[in-house]
1. Have a look at Leu49, Leu78 and point out the one that is part of a helix (DSSP H, G or I), in contact (Cβ under 8 Å) with a residue 12 or more places away in the chain, closer than 21 Å to Pro20 by Cα and among the aliphatic types (A, V, I, L, M).
2. Out of Leu166, Leu151, Leu147, which single residue is buried (at least 16 other Cβ atoms within 10 Å of the Cβ), over 18 Å from the mean Cα position of the chain (by Cα) and farther than 27 Å from Arg187 by Cα?
3. Which residue pairs have Cβ atoms under 9 Å apart, sit 6 or more places apart or on different chains, and have a first residue in the stretch 58-74 that is crowded, with 24+ Cβ neighbours inside 10 Å and a second that is polar (S, T, N, Q) and modelled with pLDDT under 95?
4. Are any of the residues in the stretch 31-54 at pLDDT below 95 and either exposed (fewer than 10 other Cβ atoms within 10 Å of the Cβ) or among the polar types (S, T, N, Q) (or both)?
5. Given the options Val191, Val183, Val161, name the one that is β-branched (Val, Ile, Thr), part of a helix (DSSP H, G or I) and under 17 Å from the mean Cα position of the chain (by Cα).
Amino acid sequence: MSAITAILVATLLGQAYYSPEEAQLLFQQANESFLEQDYASAREGYEKLLSRGFGGPDIHYNLGTTYLSEGDLGRAVLAFERARRAGGEGPDLEANLAMARARQLDKVVGAAPEESFHERVVTATSGNLVAWLFLGTWLGGFAFLFLFRVLRPGSRVWAAVVAGLLLTASLPSGALLAAHVWVHETRRDAVVIAPTLRAREFPKEEAKVAFEVHPGLKVRVMEETGRYVRIRLPNGLEGWAEREGVAEI
């Protein structure tokens, strides 16, 4: 590697990285900008952190609150949903998400299509809780197996029983964790961010417009072709819309 190349690589790496201290400082500065109602500076700070890999729920939540203060419902809902997916929870997050949804233009009516059994189970359970439950029972089971090996023969039966119970308990939690991972990887939820998103009957510009939706509406991406994606509304209505009009969670 030449000296010039090495300098360029070092410069690019330096620009693409924040130390924890630098990231914390930028986060604090963005928070101060928000409190001063300088929403543009706050948004810029949060987005810089996200672009450099600092994507925790607090950053997504604060970015969503900033977008909400600016009146950008689409990106506000998107940020709040990403905060949820990153493990964020709490009354403030739910309250702001409900506030953003209450301001949406679209009030989708009609029966929602029935989800599969595993999707309903995943929706009804906490991914973080399931992960910790599986990790705790699995590691606990092997810890008691190790204890079984080091105890004397006459006093180790109880360790084998506990290990068996814990490892058996890890099976359903492991299966549920696998379901969470599968749904997370295969289900493509998105949020409308375009001011007006026209969904057409097929993926062509000359196709008839089937319906229109507006910022903040949560949809599901079913498939894509070219610059179009087929979206499904919460009531099951489907249409082809331009990819740039939605952002995946």
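1. Values: Leu78 fails: closer than 21 Å to Pro20 by Cα.
None of the others qualify; the one that does is Leu49.
2. Values: Leu151 fails: buried (at least 16 other Cβ atoms within 10 Å of the Cβ); Leu147 fails: buried (at least 16 other Cβ atoms within 10 Å of the Cβ).
Just a single option satisfies the conditions, and that option is Leu166.
3. Filtered contacts from the stretch 58-74: Leu73/Gln104.
4. Checked against the condition, which is being at pLDDT below 95 and either exposed (fewer than 10 other Cβ atoms within 10 Å of the Cβ) or among the polar types (S, T, N, Q) (or both), the stretch 31-54 yields at least one hit.
5. From the options Val191, Val183, Val161, the qualifying one is Val183.
Quick grid of which residues meet (1) hydrophobic (A, V, I, L, M, F, W, C); (2) over 18 Å from the mean Cα position of the chain (by Cα):
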{"residue": "Tyr39", "(1), (2)": "no, yes"}
{"residue": "Leu50", "(1), (2)": "yes, no"}
{"residue": "Gly53", "(1), (2)": "no, no"}
{"residue": "Ser69", "(1), (2)": "no, yes"}
{"residue": "Arg75", "(1), (2)": "no, no"}
{"residue": "Leu78", "(1), (2)": "yes, no"}
{"residue": "Gly90", "(1), (2)": "no, no"}
{"residue": "Ala100", "(1), (2)": "yes, no"}
{"residue": "Gly127", "(1), (2)": "no, no"}
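Yes/no per residue for (1) surrounded by 13 or more Cβ atoms within 10 Å (Cβ to Cβ); (2) modelled with pLDDT of 95 or more:
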position: Ala160; (1), (2): yes, no
position: Ser173; (1), (2): yes, no
position: Leu177; (1), (2): yes, no
position: Trp182; (1), (2): yes, no
position: Glu185; (1), (2): no, no
position: Ala190; (1), (2): yes, yes
position: Arg200; (1), (2): yes, yes
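Quick grid of which residues meet (1) over 19 Å from Arg103 (Cβ atoms); (2) in contact (Cβ under 8 Å) with a residue 40 or more places away in the chain; (3) among the hydroxyl-bearing types (Ser, Thr, Tyr):
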| residue | (1), (2), (3) |
| --- | --- |
| Ala178 | yes, no, no |
| Trp182 | yes, yes, no |
| Arg187 | yes, yes, no |
| Ala194 | no, yes, no |
| Ala210 | yes, no, no |
| Gly216 | no, yes, no |
| Val219 | no, no, no |
| Asn235 | yes, yes, no |
| Arg243 | yes, no, no |
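The values are calculated or read from the model by the stated rules, or taken from the named source; none is laboratory data. No experiment lies behind these values; they were computed from the predicted model shown. Glycine also receives a Cβ, built like all others from the backbone with ideal geometry; neighbour counts cover every protein chain displayed.
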